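**Q** Okay, handing you the structure first.
Any read-out appearing in this document is the output of simple, stated calculations on the displayed coordinates, not a laboratory observation. Values in this document were obtained by computation on a predicted structure and should not be read as measured data. Counting neighbours? That spans all protein chains shown, and the Cβs are built from the backbone with ideal geometry, glycine included.
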Amino acid sequence: MNAFGVEESRSTRPLEILRSVILRRVAKGRSMLHQSQPRYQSRTALAMYVTLFVLGSQSVAVEIFDLSGPDGARTVEGRVVVEGEDGGVLLEQADERLELIPAELIQSRQTRSDSEDEESLHDHDHDIISQRLLAELPQGFEVLQTKHYIVCFDTTRGYAQWCASLFERLHDAFQNYWKQAGLELVKSTRPHIVVIFSTKSRYVEESADELGPAAENVVGYYNLMSNRVVTFDLTGMDLLNPRGGGSRNGLEILRSPAAAGLVATLVHEATHQMAFNCGMHQRLAPIPLWVSEGLAMYFETPDLESARGWRGVGQINRPRLDHWRTHHRAGAIEKMMMSDELFRIPRDALDLYAESWALTYFLLKTRKPAFVEYMRILGQKPSLSEDSSQQRREDFHAAFGVDASELEIMLERFMTKVR
């Protein structure tokens with residue numbers, strides 16, 4: 001059951017059809033890797049990102065599967081997210097990784113007892129998870145544990161501490177913002193995991209399997225397959241301050257020419273992570289791309305006058321505002337509301353990202369209760385379901401009470417006053 005009381009049911013579609021839905025939505029996220037997204041450009045870095053849309057768990061029971069295939073026999077356990085009519089399953093394992101298991105590999109299947117399930121549900125001890133992560137990551141990594149995060153790093157501890165502090169402020173601000181807005185979110189018992197590589201070369205090498213050639217151009221991303229934010233030390237200060245040389249304070253980090261892009265990237269991707277882990281969106285549900293990206297951009301704006309680098313929600317996103325003012329075209333809201341396809345067209349992508357921020361900013365500043373209602377409507381969408389353009393239109397109208405064309409006129413008037 002999700003944050004809005006939606007229970008996942010057995011799918012009436014074979015696993016191969018479910019696989020095709022997953023691949024289409026993953027491809028939608030990956031396609032954005034090839035778009036140059038202007039965020040907060042510096043002399044040395046332009047922040048870019050990708051969100052990989054894959055499915056999260058809805059089941060409560062922990063099941064054990066004995067598998068046999070070309071690579072031999074093995075046993076896996078976890079929670080079934082979706083089960084195809086042919087018996088294949090999408091499984092979320094204890095480390096939150098997802099695996100698509102074809103029916104022909106399953107030799108036996110059993111459900112763990114209630115007592116074992118209870119123990120498993122609480123097996124989120126930070127030390128245990130940290131040990132597993134260190135065993136998985138390359139040599140030289142350390143972990144930093146905070147209240148809600150585990151940060152894995154092979155750069156300086158001072159840099160990792162600064163990033164962790166940024167994440168914790170975002171976590172609290174995100175929860176408080178939506179609570180005050182009237183939207184109750186789920187408080188996850190699992191720590192959010194972030195991996196920070198010391199250099200771009202190590203990051204590219206380790207991310208190649210997930211990102212392919214695009215890893216060269218993407219400085220941070222959120223991969224929902226592993227439920228992790230992955231990035232590298234954009235400041236480059238680790239070269240000036242070798243490990244063991246002491247920590248760096250926030251002002252020192254923010255003197256880097258990459259600072260603005262760093263903050264925007266980290267907050268943007270961590271916002272995606274928060275939204276999908278607190279029940280606001282169901283993973284692989286048909287959430288309009290303008291919503292998920294608009295929210296991340298609403299939270300991402302840095303504050304380089306503060307040693308913390310970021311201090312609040314809903315600041316004016318200057319690069320997006322500037323782009324909107326020079327590229328806004330009538331009918332953009334209608335196009336975004338009806339379909340995500342235009343986001344994949346290079347000549348339109350940047351314009352639509354600016355439109356997504358502008359629309360989200362406008363709605364949250366002027367129609368927050370209606371936006372919260374829209375989040376509730378979207379929160380009811382089951383994972384792997386698909387919405388028609390007409391359904392998307394009806395959902396929008398149900399929350400805001402106006403059509404996109406009417407709302408666009410109000411948006412244009414509002415944005416002329418934003419300074």
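**Q** Take the alpha carbon gyration tensor of region 68-194, find the square roots of its eigenvalues, order them as a ≥ b ≥ c, and report rounded if a/c is under 1.5; if not, report prolate when a/b exceeds b/c, else oblate.
**A** Since a/c reaches 1.5 but b/c is at least a/b, the shape of region 68-194 is classed as oblate.
**Q** Apply the Debye scattering formula to region 276-419, with a single equal point scatterer on each alpha-carbon and no solvent, then give log10 I(q)/I(0) at q = 0.12, 0.17 Å⁻¹.
**A** Summing over Cα pairs of region 276-419 leads to -0.48, -0.99.
**Q** If you don't mind, another one. Could you grab the Rg to Rh ratio for region 310-375? Cα atoms only, Kirkwood for Rh.
**A** Radius of gyration relative to Kirkwood radius: 0.99.
**Q** Count charges around Val372 for me, please; just the other residues with Cβ under 12 Å from its Cβ, Lys/Arg as +1, Asp/Glu as -1.
**A** Spelling it out: positives minus negatives among the neighbours equals +2.
**Q** Follow-up. Can you tell me how much longer the chain between Ser201 and Ala135 gets when fully stretched, taken as 0.36 nm per residue apart minus their C-alpha distance, in nm with one decimal?
**A** In short, 21.7 nm is gained.
**Q** Another question about this same structure. Hey, could you get me the Stokes-Einstein D for region 333-414, Kirkwood radius over alpha-carbon pairs, 37 °C and 0.692 mPa s, rounded to whole µm² s⁻¹?
**A** Once the numbers are plugged in, D ends up at 244 µm²/s.
**Q** With 31 Å as the limit, write out which pairs from Lys147/Lys368; Lys147/Lys200; Lys335/Lys365; Lys187/Lys381; Lys147/Lys417 have Cα-Cα distances beyond it, or answer none. Display every interim value, and only then the final one.
**A** Details: Lys147/Lys368 29 Å; Lys147/Lys200 28 Å; Lys335/Lys365 22 Å; Lys187/Lys381 20 Å; Lys147/Lys417 40 Å.
Violating the 31 Å Cα-Cα cut-off are Lys147/Lys417.
**Q** Can you give the relative contact order of region 272-412 as a percent, counting alpha carbon pairs under 8 Å and 6+ residues apart? Display every interim value, and only then the final one.
**A** Numbers: 156 pairs, mean separation 46.5, N = 141.
Value for region 272-412: 33 percent.
**Q** Moving on to the next point. What shape does region 368-419 take by its C-alpha gyration tensor, where a ≥ b ≥ c are the square roots of the eigenvalues and a/c under 1.5 counts as rounded, a/b above b/c as prolate, and the rest as oblate?
**A** Judged from the Cα gyration tensor, region 368-419 comes out prolate (a/c at least 1.5, a/b above b/c).
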